Amino acid sequence: MTPNATPPLSTEQQQQLLDAARAAQRAAYAPYSRFQVGAAVLDDQGRIHAGCNVENAAYPEGVCAEASALSSMVLAGSTQLRAVLVVGTGGTWITPCGGCRQKLREFGAPDLPVLTANATDMGPRYTLSELLPQSFGPDHLGTTP
Ligand code: THU
């Protein structure tokens, strides 16, 4: 995990994350849960990458929206997160599942902003270390990725 402080998020970047996550959510493939999720990540080059959940008839093989967005970020050549936003279905604000928290941890600093939104509004904002305290990461392996 990078020890550097994550730069502040501008209002414009926040809006871009929200727009990208909402657009991705509309593309979600969630015929089993009917719970469509969109995620967007901001990378260290100021680019936004979006993802949606993609479910499978073999249920455990489904992919979360955050994992999908991270794949896009890595494919585009970045391994440094600056912010994440996740939007779920309906009125509740969701936070990344446990597995996705660990996936975010690979590429994000402890102060990484994790933003939430529902169908109509922005919700609470967290840091990654609030959602995944005392976590395990690349630094514990003693090798720099
Ligand atoms: N889901 C996500 O995509 N991200 C989360 O953080 C929570 C859950 C998906 C997985 C599954 O397709 C559906 O939401 C219901 O659990």
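Quick look at the values:
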item: Residue check for residue 89: in a loop (DSSP other than H, G, I, E, B), near the ligand (Cβ under 10 Å from one of its atoms) and at negative phi; result: yes
item: Qualifying positions in the stretch 99-119 - surrounded by fewer than 17 Cβ atoms within 10 Å (Cβ to Cβ) and either without any contact (Cβ under 8 Å) to a residue 12 or more places away in the chain or hydrophobic (A, V, I, L, M, F, W, C) (or both); result: 119
item: Single residue of the stretch 13-55 satisfying the filter (surrounded by fewer than 16 Cβ atoms within 10 Å (Cβ to Cβ) and within 9 Å of the ligand (Cβ to nearest atom)) that is nearest to residue 118 (Cα to Cα); result: 35
item: Candidate set: the stretch 78-92, residues that are over 11 Å from the mean Cα position of the chain (by Cα) and within 16 Å of residue 104 (Cα to Cα); chosen: the one surrounded by the fewest Cβ atoms within 10 Å (Cβ to Cβ); result: 79
item: Search result, residues across the stretch 56-68 that are among the charged types (D, E, K, R) and buried (at least 20 other Cβ atoms within 10 Å of the Cβ); result: 66
item: Within the stretch 64-86, considering residues that are β-branched (Val, Ile, Thr) and in contact with a strand residue (DSSP E or B) (Cβ under 6 Å, 6 or more places away or on another chain), the one farthest from the ligand (Cβ to nearest atom); result: 84
item: Filter result for residue 130 (within 13 Å of the chain's Cα centre (by Cα), away from the ligand (no atom under 13 Å from the Cβ), charged (D, E, K, R) and not in a strand (DSSP E or B)); result: no
item: Subset of the stretch 54-77 (residues that are closer than 22 Å to residue 31 by Cβ and under 11 Å from the mean Cα position of the chain (by Cα)); result: 64, 65, 66, 67, 68, 69, 71
item: Positions within the stretch 92-117 being assigned to a loop (DSSP other than H, G, I, E, B) and β-branched (Val, Ile, Thr), in sequence order; result: 92, 94, 95
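We did not get these values from a lab; they are worked out from the coordinates using the rules stated. The structure presented is a predicted model; accordingly, all values stated were derived computationally and were not measured. Here the Cβ is made from the backbone with ideal geometry for all residues, glycine too, and neighbour counts use every protein chain on show.
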